[in-house]
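Worksheet for the structure shown next.
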Amino acid sequence: MTKINLLIGGLGLLLALTLGQNCLALGANFDPNYIISDEEVLNYTTMTQAEIQTLLESKGSYLANYMCQDNNGVALRASEAIYSVANTNRVNPRFLLVLLQKEQGLVEDPAPKASSLDWATGYGCPDGGGCNERWRGFYKQINSASLQFRDYIENPNLYKYQPSQTYTFSNTDKDPMVVTPANKATAGLYNYTPHVYNGNYNFWKLWNRYFVSGGYPDGSLLQAQGDKGVWLVQNGQKRPFTSWGALISRFDPKKILQVKSADLNSFTQGAPIKFPQYAIVRAPDKKLYLLVDNKRRLFANDAAFKKIGYNPEEIVDATEEEINAYQDGKTLTINDAYPLGALLKDKKTGGVYWVSEDTKAPLIDPIFLKTKFKNKKPITVTAEYLAKYKTVAPIKFDSGELVKFDGGFTIYVVENSSLRPIASANDFESLGYKWANILTINPKILELYNVGESLKATVTS
């Protein structure tokens with residue numbers, strides 16, 4: 001979705017108009033008139049390449065290790081191709097992943113046929129006819145499908161099925177169904193696959209199973225009522241904390257949500273979170289790593305390890321599987337000034353940056369010093385010193401944070417690069433959120449985010 005930069009009054013009106021539509025797609029029952037929102041299809045910032053890779057690995061997908069070639073002959077991992085295409089064509093990578101599973105089962109298939117890879121999204125393969133050789137190949141399939149869906153939304157009048165028009169679809173073993181697509185994305189799904197239950201119902205089921213399970217977004221801390229275990233929702237999976245230290249070194253336990261067992265059980269289980277933030281672990285091959293957030297940073301040598309000031313007795317042994325649950329970060333050398341990251345303040349301008357590895361991310365508002373970095377004190381340096389680091393995107397709130405804009409009424413939950421408006425006060429409380437955890441923030445921070453689909457409590461039994 002295109003970033004919105006509006007006055008709060010205008011934003012409130014816009015959200016009031018869109019919430020009614022978005023809530024339809026989040027209900028417990030399939031609605032053939034409204035399958036997915038336009039915003040969901042176009043929100044291309046929902047996943048990083050590493051998150052796509054993690055999801056494929058978690059599903060045991062052949063695509064996790066599959067290499068393809070782009071249109072210029074450059075070799076890419078499937079996750080790199082999906083991420084690149086999604087960002088270039090501005091289509092949600094989650095949408096492409098669901099399409100890959102719906103059409104050929106590729107997200108969960110450990111050993112697909114070559115033909116399934118060649119016609120990965122079913123593009124150029126009309127009902128009752130053979131596939132057009134022009135579109136053979138994994139990269140061509142995801143690239144063409146993403147361009148096609150963007151055009152469905154940008155030029156709906158060019159296609160057979162259009163929003164607000166009524167159509168009758170025949171269904172195998174079911175009575176014919178009358179459908180009136182409520183929005184452009186839903187109409188686009190019928191243009192791509194002109195079937196209700198034999199195609200688009202499957203899409204809806206997969207979307208909800210992968211990305212709407214339990215109604216809780218990435219970054220949520222969940223605890224089943226009556227249980228002691230705490231879980232982190234990440235990439236649509238639940239990851240258990242195996243120690244209290246691993247939890248409190250990363251998150252505020254006051255933000256744990258009490259949920260029904262059925263909500264927790266709706267997630268597939270991911271890799272456990274065993275080690276605290278900034279733990280040093282030893283792999284079976286004796287290599288040492290510093291764990292920072294979701295990254296593992298290899299110590300280049302003993303000198304680099306000694307510089308960080310840890311006691312050798314603090315090293316924890318880890319299995320290869322536990323090590324591989326983390327993404328590779330930049331190797332730590334003796335020249336790393338801030339291996340744990342640091343806040344640096346420009347002596348002249350007063351601007352504050354978070355420096356990590358070889359980059360600096362600006363803090364555009366003081367609220368980040370009071371929240372995300374409340375236990376860290378900025379180090380004053382010169383502009384010349386700061387110039388050594390590459391400037392990257394500004395710091396954002398962590399997924400799972402609750403925010404509202406000063407002067408506004410809508411409450412949002414942060415999920416990656418999106419702000420998801422919570423549909424109502426009843427939904428807020430039903431999901432287990434606490435009013436005391438809401439941060440009131442400057443409206444200018446909206447510029448860092450897309451406004452995503454609304455969050456509504458689902459009905460579980």
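Every number here is computed from the coordinates shown, using simple stated rules; none is lab data. None of the values given here were measured: they were computed from a predicted structure. So basically every Cβ, Gly included, is an ideal-geometry build from the backbone, and we count neighbours across all protein chains shown.
What is the angle, in °, between the Cα long axis of helix 49-58 and the longest principal axis of the Cα atoms in the chain? Nearest 10 is fine, range 0 to 90.
Its long axis makes an angle of about 70 degrees.
Cβ neighbours within 10 Å, averaged per peptide: list 106-115, 361-370 in order, most packed at the top. Mind showing how you got there, number by number?
Details: 106-115: 14.4, 361-370: 16.1.
In descending order of packing, they fall as 361-370, 106-115.
How big is the range 67-168 on each of its three principal axes, counting only the C-alpha atoms and giving the largest first in Å?
42, 30, 26
If you take the alpha carbon radius of gyration of the range 385-432 and divide it by 2.2 N^0.38 Å, what ratio comes out, to two decimals?
Normalised by 2.2 N^0.38 Å, the Cα Rg of the range 385-432 equals 1.60.
With N residues in the range 165-302, what two-decimal value do you get for its Cα radius of gyration over 2.2 N^0.38 Å? Present the calculation step by step, with values, prior to reporting the outcome.
Working: Rg = 22.0 Å, N = 138, 2.2 N^0.38 = 14.3 Å.
Cα Rg divided by the expected 2.2 N^0.38 Å: 1.54.
Cβ neighbours within 10 Å, averaged per peptide: list 323-331, 307-315 in order, most packed at the top.
Ranked from most to least packed, the peptides come out as 323-331, 307-315.
Could you run the Debye sum over the Cα atoms of the chain, one equal point scatterer each and no solvent, and tell me log10 of I(q)/I(0) at q = 0.10, 0.12 Å⁻¹, two decimals?
With no solvent term, the Cα-only Debye profile gives -0.82, -1.18.
For Cys125 and Thr331, what does the FRET efficiency come to when R0 = 51 Å and r is the distance between their Cβ atoms, rounded to the nearest 0.05? Write down the numbers at each step before the final one.
Working: r = 45 Å, r/R0 = 0.89.
My answer for the efficiency is 0.65.
Gain in length, Asp317 to Gln277, computed as 0.36 nm per residue apart minus the alpha-carbon separation, to one decimal in nm?
Working: separation 40, 0.36 × 40 = 14.40 nm, distance 1.51 nm.
In short, 12.9 nm is gained.
Report, to the nearest 10°, how far helix 93-104 tilts away from the longest principal axis of the Cα atoms in the chain, using its own Cα long axis and a range of 0 to 90°.
50 degrees
Under 13 Å from a label point 7 Å along Cα→Cβ of Asn437: give me every residue in the range 259-292 with its amide N that close.
259
How big is D for the range 342-391, in µm² s⁻¹ as a whole number, if Stokes-Einstein is applied with the Kirkwood radius of its Cα pairs at 10 °C and 1.306 mPa s? Write out the running numbers ahead of the final one.
Numbers: Rh = 10.8 Å.
So the translational diffusion coefficient is about 147 µm²/s.
In debye, nearest 20, what is the charge dipole magnitude of the range 342-391 about its Cα centre with +1 on Lys and Arg Cβ and -1 on Asp and Glu Cβ, if you could check? Intermediate values should be presented prior to the final figure.
Numbers: 11 positive and 5 negative charges, 46 e Å.
The dipole of the range 342-391 has a size of about 220 debye.
For the charge dipole of the range 342-391, defined by +1 on Lys and Arg C-beta atoms and -1 on Asp and Glu C-beta atoms about the Cα centroid, which residue among Tyr385, Tyr353, Phe368 has the Cα displaced farthest towards the positive pole?
Highest projection toward the positive end goes to Phe368.
Can you spot the lysines whose alpha carbon is less than 25 Å from Lys348's alpha carbon? Ignore those fewer than 8 places along the same chain.
Output for Lys348: Lys360, Lys370, Lys372, Lys374, Lys376, Lys377, Lys388, Lys390, Lys396, Lys444.
So if I average 1/r over every pair of distinct C-alpha atoms in the range 280-328 and take the inverse, what Kirkwood radius in Å does that give? Spell out each step's value before the answer.
Values: mean 1/r = 0.0916 Å⁻¹.
One decimal place: 10.9 Å for the Kirkwood radius.
Helix 78-89 against the longest principal axis of the chain: what's the angle in degrees, Cα atoms only, rounded to the nearest 10?
The angle comes out near 70 degrees.
Please report Rg over Rh for the range 28-211, where both radii come from the alpha carbon positions and Rh follows the Kirkwood definition. Provide the component values of the computation, followed by the final result.
Details: Rg = 15.9 Å, Rh = 16.7 Å.
For the range 28-211, the value is 0.95.
Given the range 226-348, what percent of its DSSP beta bridges are antiparallel, to the nearest 5?
Numbers: 11 of 19 bridges.
Around 60 percent of the beta bridges assigned by DSSP in the range 226-348 are antiparallel ones.
For the range 268-422, what is the largest minus smallest coordinate of the Cα atoms on each principal axis, given in angstrom and ordered from greatest to least?
55, 48, 23
Dipole magnitude of the chain about its Cα centre, charges +1 at Lys/Arg Cβ and -1 at Asp/Glu Cβ only, in debye to the nearest 20?
The dipole of the chain has a size of about 1200 debye.
If packing is taken as the average number of other Cβ atoms within 10 Å across a peptide's residues, how do 346-353, 43-50 rank, most packed first? Mind showing how you got there, number by number?
Numbers: 346-353: 15.1, 43-50: 20.9.
Ranked by mean Cβ neighbours within 10 Å, highest first: 43-50, 346-353.
222 nm [θ] for the chain, helices only, -39500 (n - 2.57) per DSSP H run of 4+, per residue, to 500? Working shown, then result.
Numbers: 16 runs with 135 residues, N = 461.
For the chain, the value works out to -8000 deg cm²/dmol.
Where both partners of a DSSP beta bridge lie in the chain, what percent of those bridges are antiparallel, to the nearest 5? Numbers along the way, then the final one.
Numbers: 35 of 59 bridges.
Among the beta bridges of the chain, antiparallel pairing accounts for roughly 60 percent.
Could you give the length gained by full extension between Asp151 and Arg209, i.e. 0.36 nm per residue of separation minus their alpha carbon distance, to one decimal place?
Details: separation 58, 0.36 × 58 = 20.88 nm, distance 2.64 nm.
Computed gain between Asp151 and Arg209 is 18.2 nm.
Across bins of 10 angstrom width beginning at 0, how are the C-alpha pair distances of the range 316-408 distributed, in whole percent?
Pair shares across the bins are 13, 39, 29, 15, 3, 0.
What Rg and what Dmax come out for the range 116-168 when only alpha-carbon atoms are used, in angstroms?
Considering the range 116-168 through its Cα atoms, Rg and Dmax are 12.9, 35 Å.
If you wrap a convex hull around the Cα atoms of the range 48-125, how much volume per residue is inside, in Å³?
On the way: hull volume 6.9 nm³, N = 78.
Cα convex hull per residue, to the nearest whole number: 89 Å³.
When DSSP beta bridges are limited to those with both residues in the range 221-269, what percentage is antiparallel, rounded to the nearest 5? Mind showing how you got there, number by number?
Working: 6 of 12 bridges.
The antiparallel fraction comes to roughly 50 percent.
Over the alpha-carbon set of the range 221-269, work out the extent along each principal axis and list the three values in angstrom, largest first.
Principal axes ranked by extent give 27, 24, 16 Å for the Cα atoms.
Once amide H atoms are placed 1.01 Å from N in the peptide plane, what residues at a sequence separation of 5 or more from Leu257, or on another chain, have their amide H within under 5 Å of its amide H?
Here the answer is Leu221, Leu222, Gln223, since their amide H atoms fall under 5 Å of that of Leu257.
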